[in-house]
Amino acid sequence: MKILGIETSCDETAAAVVEDGVRILSNEIASQVEIHARYGGIVPEVASRQHILAIIPILKQVMAEASWGDLDGIAATIGPGLAGSLLIGVNVAKAIALARGLPITGVNHLEGHIYANWLVDHSPGVTPLFPLVCLIVSGGHSDLVLMRGHGDYVVLGRTRDDAAGEAFDKAARTLDLGYPGGPAIQEAAKNGAASLQLPRAWLKGTSDFSFSGVKTALLRLVERGMVSSRADAAASFQEAVVDVLVTKTVAVAKECRVKQILLAGGVASNELLRNWLVKNSPIPVLIPQPVLCTDNAAMIAACGYYRFQAGKIDGLDLDVVPSLKLA
Ligand code: KG4
Ligand code: ZN
């Protein structure tokens, strides 16, 4: 079964064709990062206009490597995300579904991030096994989710303030490292040592996260002129965030006696997070390749495949849900 996935929830216009939820036949992304970088963050109106310009060229590119006649269905991100951006992808998906007589399914972007793990590798033992715990860390979310089967989620913890990616972006702004902040902090940290004392919000007795304290602590140190090396500050900040993410994820996975831990979302491309989680977890860990952690449409197509398998077909009245939740 070949599914065309379309993703336009934020600042990447992406399309992909995935076979049986696991094999990527084509996967293209038009990034708007350079356009938004001059504003230091995403400008929603600019994002939707860019999606309008990019969506048809991206679809042409993706379909140059696949065949329209071979498609069995279309999956499009309906939320969470920017309303204007989501609308472009969903309306294009509906137009194709109508013109080609194909079924359509609306995908939750966060669920899509989780399904990037089905695109990892297909040798025995490395596909996801239920029950599992997934840490979804992106620009807008930091969620710890128990997944008991396809489409079956229990949110065990979430951030009470900033998401992990948002904290990386704000810390990078504090340190004048540019946008997007996650990759910038990771690069700067390579030349530094985690020598600054930054707080960790453990929120004991819960699986929730909080990153606004560490972000503000860094800002105060900079304001007081106590940061002499941006590389050391970046390394210290990265370590503080990763320490909490890894410790709480491993703890909840042990508590729930799951078979695997999955990592997902843009922050999952962070090398320290990937390495520390693997090193500190007695439970097997699966992590998608970095390019499948950040926003892409292959993950949406993979998730769409399992939705179609479960009979979750939407009508042409499918609409965007900007504040969509996982469960
Ligand atoms: O999943 P994603 O591409 O978009 C959302 O759904 O939000 O995640 C984007 C976030 C940004 O905050 C970005 O700074 C962060 O992921 N990110 C990283 C890294 N690469 C991207 N954070 C830390 N380390 C990285 N290498
Ligand atoms: Zn995302």
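Every number here is computed from the coordinates shown, using simple stated rules; none is lab data. Since the structure is predicted, the reported quantities are computational estimates derived from the model, not experimental observations. Cβ placement follows ideal geometry from the backbone for every residue including glycine, while neighbour counts extend to all protein chains displayed.
Computed values, structure above
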| item | result |
| --- | --- |
| Mean Cα-pair separation over length for the chain, i.e. relative contact order, pairs under 8 Å, 6 or more apart, % | 26 percent |
| Backbone N within segment 2-22 under 18 Å of label point (7 Å from V46 Cα along the Cβ vector) | 9-13 |
| Paramagnetic label zone (point 7 Å from Cα along Cα-to-C-beta, V291; backbone N under 14 Å) in segment 1-42 | 15-17, 24-31 |
| Convex hull volume of segment 64-200 per residue (C-alpha atoms, cubic angstrom) | 203 Å³ |
| Residues of type aspartates and glutamates that K259 reaches as a straight line, Cα spacing below 18 Å, ignoring anything fewer than 8 places off in the same chain | D121, D152 |
| Residue among P282, P103, P131 with the largest mean-square fluctuation in a Gaussian network model of the chain, springs linking Cα atoms under 10 Å | P282 |
| Cross-link reach list, lysines versus K190, counting only Cα pairs under 29 Å and skipping chain neighbours closer than eight places | K170, K215, K248, K279 |
| The chain: DSSP helices with Cα axial extent of at least 18 Å and average Kyte-Doolittle hydropathy no lower than -0.5 | 44-64, 83-100, 230-255 |
| Dipole axis of segment 13-55 (+1 Lys, Arg; -1 Asp, Glu on Cβ), positive-most option in V17, A37, A47 | A37 |
| Relative packing of 287-299, 203-215, 156-168, which averages over residues the other C-beta atoms within 10 Å, highest first | 287-299, 156-168, 203-215 |
| Residue (of A172, A217, P128) at the positive-pole extreme of segment 76-224, dipole from beta-carbon charges | A217 |
| Amide hydrogen neighbours beyond the local backbone of S142, cut-off 5 Å, H modeled | T159, A164 |
| Percentage relative contact order, segment 171-228, counting C-alpha pairs under 8 Å, at least six apart | 30 percent |
| Residue order, fewest to most beta carbons within 10 Å, for R257, R23, R173 | R257, R23, R173 |
| Relative contact order, percent, segment 156-310 [alpha-carbon distance under 8 Å, six or more residues apart] | 22 percent |
| Residue exposure sequence - W276, W202 - by fewest surrounding Cβ within 10 Å | W202, W276 |
| Stretch gain in nm, segment S67-K325, where the contour uses 0.36 nm per residue and the Cα spacing is subtracted | 89.5 nm |
| Spatially proximal lysines relative to K60 (Cα-Cα < 22 Å; intrachain offsets below 8 disregarded) | K2, K94 |
| Ascending count of other beta-carbon atoms within 10 Å, so fewest first, for I88, I300 | I88, I300 |
| Dipole moment magnitude, nearest 20 debye, the chain about Cα centre, only Lys, Arg, Asp, Glu C-beta charged | 760 debye |
| Cα-only Debye scattering, segment 178-242: base-10 log of I(q)/I(0) at q = 0.18, 0.20, 0.23, 0.30 Å⁻¹ | -0.65, -0.78, -0.98, -1.35 |
| Per-pair calculated FRET efficiency, R0 = 22 Å: V33 and A83 via Cβ, rounded to 0.05 | 0.60 |
| Convex hull projection area averaged over all views, the chain, Cα basis, nm² | 16.0 nm² |
